Structure formats: structure tokens, C-alpha cells
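Step one of this worksheet: look at the structure below.
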Amino acid sequence: MPLKRNYLIVTLVALVIVIVGAIIWFKGKPTDTSTVRIGYLNITASLPLFIAEDKGFFADEGIKFQSLPIATSNQLVDAIAANNLDAFIESSAVPVLAVELQSPGRLKVFSVSAITKKAPFDSLLVKDSSSINKLSDLAGKKIGVFPGSTATTLLKKYLADKGVNTSGVTFTPVPPQNQLTALQSGSIDVLHAYEPTTAIALTHGGVRQIDGSVYAEMLDPNPQGVAVVSNKFLQEHSAIASKLIRALERAMIFMRDHDAESRQIMAKRLGLDKAVADRSVFLYMLPSKEIDPVVFQKYADMLTNLGELKGSVAVNQMLYSH
């Protein structure tokens, strides 16, 4: 009996030591409290970020974050490549694919857009008084485009494919906040507009649409917009990166299921009146598991054939996986 009692006591003491040691280890284990720097364009395309902030999805994940407005897609990519951003919610895919060519493995794509003819995120606008009524009338005109290289390159291809002589066309980069003023003043003849600029123009009047979505006509669905996380951040802060992506994907799904509330959030964040917000077409972003690599590869190959990319990109290597 004494031997059994001593064995039991020794066993219990050892168990207590293990439990106490585990508690001390867990309490002493360092916690990653890094602040995530999220870049965004101040347009409708960034709605998943606005929703995640408004609905507290980041707070639900215990994430500290700083959202930083950036002017163009190229600047977003430059910032993340220079380690001044950790992620961004949406930019043109072109500079992202270009970085993959130059420095493979630096960026991971966790979402792509689904621009379709049923959800056309872009359009061509002219003043009501304009003599321009069809695409062939654009020869020799000044077209305002979103800053950055992508809009001009793709619009040139689209017009050329439609038989428009683009040699005399002037493509003028105009920041979104100045686009309608430029159109109304006559400094440009045509505007290739994104949302919510199209909705603002058509709601307030004096402007008409001469063509639908350039991007959906080129590829439907079009994965032109991408959401990206730095691979460096992903490797060094994997838990936070996973939570960040989970929060943003939750916001993407919220957009689909709660249209009216999403429009309220967009109106508040972008300073839009209700009529404009209700008329705006959303840029729907696909969560990582819904990305079709075949479609994304087709888009990348189209850019290579256009000369926008200086080589072929294997998009599968760029996609984020859980």
C-alpha cells in the first residue's frame, strides 16, 4: 500500500508540474499584435473594405488595422512591393501580374473581380449635347480614362477590335473626382467611367451612355480587379493574414446577401446621395475558393498578347491558398 500511495503521489505531482508549466508557457508565449496596413482606392470597388470596417468584421477577428487611401492601382502595387502596405482590397490586375514577372512570389492574390454584362462596372459617357452617338464617332476624340496604364491599354484594344481607328485618339488620365467636370467643361469628349461616377452622371443628368462595359465585352466574367496580400506579410504574420482575408471575404459575401445595407455603407463612406448609391453597379469580388484559375489565366494571356505584360505568367502560382 505505501508503494502504491507513493506512486500515486509522484504521478499527481508530475501532472501538476506539467499543467503549471503549460500555463506558464502559454502565458509567456508572444502574441502577434502587428497592425495591418491596408491600401484602397476611394471608389466603389473598395466596398468590401468599407463593409468590413463598418460591420466590425476586423474587430471580430481581433485585427488591428490601418486603411490608407491610394490614388492609382500602380501606386498600390508599388507601395506593397516597397513594404509600405501589407495588403490591398482591389486594384487592376495588370501591375500585380507585372510584379510577378519581375519578382515572382512577392504577392498573393486572394480575390478577383467578376465584371459581367449583367453587372457592368464601367461604361462610356458623353454629354447630352455631344454629336458622338456610336463607337465609330470616337476617332480623333479625347477620351478621359482612369489613371494608370491598364484603362488606356484595354480601351485601345476594345476600340480597335470594334473597328475604331485609335491612331488619332487622345487618352487622357483623369482622377475620378475630376472626371465629370472634365467632361462637362469639354476638356475631354468622352469619359470611360467606373462606378460610382457613372451612377452620379446618369442620376444628375446632362450625360448619356453610348456603350456598356468595355471590360465585360472583352471577357465575361472579367477578373480585372484583384485583392492582394504581401507574401512577406503572409509568411511573417500568417495568423493575422488569415484573419484579414477571412474578414474581407466575409464582407464580399455580405455584399451579395445584403444589397440595401451595402449601398447604405457605400453612400456613407463615399459621400453619395441615396439615388446615386441605389443606381450604382457593384464590383463583386470573389472569395479565394471561388476564383477560377482558367479564367484568370485567360485574362493574363490576353494582357501578354497585348504587350501589356512582357512575358507569360502562371497565375496558379500567385493564388492564395488556405
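Helix-only arithmetic for the chain: the sum of -39500 (n - 2.57) across DSSP H runs with n ≥ 4, divided by the residue total, places the mean residue ellipticity at 222 nm at -14000 deg cm²/dmol.
Taking 0.36 nm per residue of separation and subtracting the Cα-Cα distance, full extension of the segment from S129 to N316 would add 62.5 nm. When you restrict to C-alpha pairs under 8 Å that are six or more residues apart and normalise by the size of the stretch 60-205, the relative contact order lands at 25 percent. Among the listed pairs K55/K232; K157/K298; K142/K310, those with a Cα-Cα distance over 18 Å are K55/K232; K142/K310. A simple spin-label model places the labels of Q184 and N83 4.6 nm from each other, with each point 7 Å out along Cα-to-Cβ.
Backbone N atoms of the stretch 102-120 closer than 19 Å to the 7 Å Cα→Cβ label point of R256 belong to residues 110-120. Accessible surface comparison of K142, K310, K268, probe 1.4 Å, protein chains only, largest first: the order is K310, K268, K142.
Using C-alpha pairs below 8 Å separated by at least 6 residues, the relative contact order for the chain is 27 percent.
The fraction of accessible area contributed by carbon and sulfur in the chain is 55 percent, rounded to a whole number (1.4 Å probe; ligands and nucleic acids excluded). Taking the C-alpha atoms only, the angle from helix 2-28 to the longest principal axis of the chain is near 30 degrees.
The values are calculated or read from the model by the stated rules, or taken from the named source; none is laboratory data. Keep in mind that this is a model prediction, so the values were computed, not measured. Methodologically, a virtual Cβ is constructed for each residue, glycine included, from the backbone with ideal geometry; neighbour enumeration extends over all protein chains shown. Accessible surface is based on the protein model in full, side chains and every heavy atom, while ligands, DNA and RNA are left aside. Shrake-Rupley method; radii C 1.70, N 1.55, O 1.52, S 1.80 Å.
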